[in-house]
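A.B. asks: Before anything else, here's the structure in question.
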Amino acid sequence: MKLMKKAATVATLAAFAATTALTASAETTNLRIQTHYAPETVSGKLATQYMDDISRMSNGEIQVEMFYSSSVVKSVETFDAAATGILDCDMTGGGYQTGKNPAFQFVGDIMGGYSTPYQQLSWLYFGGGLEDAQALYNKYDMQLVGWWVYGQESLASSRPLTGVDSLKDFKFRSPPGMETKIFAKLGAKPIVMDFTEIFTALETGIIDGADASGLANNVGLGLYDLVKHANFPGFHSMPSDHLACNKSVWDAMPESHRTIMSVAMEALALRTALTFEKKNASAAAQLRAEGVTLHQWSAEDLQTFRDAAQATWPEFATTPEAKALVASHIEYLTELGLVSN
């Protein structure tokens, strides 16, 4: 009996020692991440699910303090805040950093390139994009973990948008940058104005239409209460949101944690694309029922727009990083048959 008790005691102590050793060897990663999305938005909720996923998959070893609605620094300052250690990771988008290097245009919003989020993501993961983009991010002491792309944006218009010809003298709200040049080449009259001014400008007729967001988001903004035309599916703009982390922080993380975060980003990318595909399709059905006309452009008109975009890209490819990314995109888009040789 004594031998049995002694054996049981030894076994218990051994199990306890093993558990203690595992606990002692477990590494924790604590991250401060900022996104520009509000927690109640669809994208904000998707970001929250990503944080939950990486925590669960790491058995709680990865813990995130999440800052929504750019509550620590302005959206455009998030990247630098992460690079300098105020934050650890940036969950906004590369498009905010075009002033730092025009190459970020080609990881933020390629403009007129890919037709679907899946094609754009395939460049990142199968077209050499991640390696090309990584060189850009590493130059600024950041590590690109991955993308999440919600899909093509649609225009809102008071006049039909049947194809390229309908863009002639089309006055519309445009964000600054490459978009204004592309549309101007096609005869439109883009007007740069703040996002908050769109509704009043449409209401008063200062503009004929607006580039605001995707179809479902435009419905939420109430734009189609004022104007009764849109293009769907969209074609001109498909922003890529990113997760990018301070490179020193990233390199110091256990390999298992880096793998969890990277793989979870691929899951977030798919979930985001599917979520918005459904929401945009539902919005399209709703708008048709309410008398809004949705215009789908022909393959020829889409190619004309892509050709104009392709002709504009070199104007922004003024750094070695930008030139490398443009060449990478053109090679892959040609392979997909989306731009002509």
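A.B. asks: Ranked highest first by average number of other Cβ atoms within 10 Å, how do 278-291, 88-101 line up?
C.D. replies: Listed from highest to lowest mean packing, they are 88-101, 278-291.
A.B. asks: Just from its helices, what would the mean residue ellipticity at 222 nm be for the chain, if runs of 4 or more DSSP H residues each count -39500 (n - 2.57) and the sum is divided by every residue, rounded to the nearest 500 deg cm²/dmol?
C.D. replies: Value at 222 nm, helices only: -15500 deg cm²/dmol.
A.B. asks: Now a separate question. Relative to the longest principal axis of the C-alpha atoms of the chain, give the angle of the C-alpha long axis of helix 42-57, reported between 0 and 90° and rounded to the nearest 10°.
C.D. replies: Approximately 20 degrees, to the nearest 10.
A.B. asks: Work out how much length residue 288 to residue 300 would gain on full extension: take 0.36 nm times their residue separation and subtract the Cα-Cα distance, in nm to one decimal. Walk me through the numbers on the way to the answer.
C.D. replies: On the way: separation 12, 0.36 × 12 = 4.32 nm, distance 2.45 nm.
Taking 0.36 nm per residue and subtracting the Cα distance, the gain is 1.9 nm.
A.B. asks: Once both labels are modelled 7 Å past Cα along the beta-carbon direction, what's the residue 266-residue 319 spacing in nm?
C.D. replies: Calculated label separation equals 2.9 nm.
A.B. asks: R0 = 30 Å: FRET efficiency of residue 195 with residue 256, Cβ-based, nearest 0.05? Could the numbers behind the result be given before it?
C.D. replies: Numbers: r = 40 Å, r/R0 = 1.35.
The formula returns an efficiency of 0.15 here.
A.B. asks: Another question, then. If you fit an axis through the alpha-carbon atoms of helix 129-139 and take the longest principal axis of the Cα set of the chain, what angle between them do you get, 0 to 90°, nearest 10?
C.D. replies: In the chain, helix 129-139 runs at an angle near 80 degrees to the longest axis.
A.B. asks: Also: I'd like the FRET efficiency for residue 56 and residue 336, computed as 1/(1 + (r/R0)^6) with the beta carbon distance as r and R0 of 35 Å, rounded to 0.05.
C.D. replies: FRET efficiency, residue 56 to residue 336: 0.45.
A.B. asks: Once amide H atoms are built 1.01 Å from N in the peptide plane, which residues 5 or more positions from residue 142, or in another chain, come under 5 Å H to H?
C.D. replies: Answer set, sorted by chain and number: 247.
A.B. asks: Also: Strictly over 26 Å apart at the Cα level, which of 247/323; 45/100; 100/278; 181/278 would you flag in this model?
C.D. replies: Over 26 Å apart, Cα to Cα: 45/100; 100/278; 181/278.
A.B. asks: Kindly identify segment 263-341 as rounded, prolate or oblate by the Cα gyration tensor criterion: order the square roots of the eigenvalues as a ≥ b ≥ c, call it rounded if a/c is under 1.5, otherwise compare a/b with b/c, prolate if a/b is larger, else oblate.
C.D. replies: Here segment 263-341 falls in the oblate category.
Just so you know, all these numbers are worked out from the coordinates, no wet-lab data involved. These numbers come from a predicted model, not from an experiment. Note that we place each Cβ from the backbone using ideal geometry, even for glycine, and neighbour counts take in every protein chain shown.
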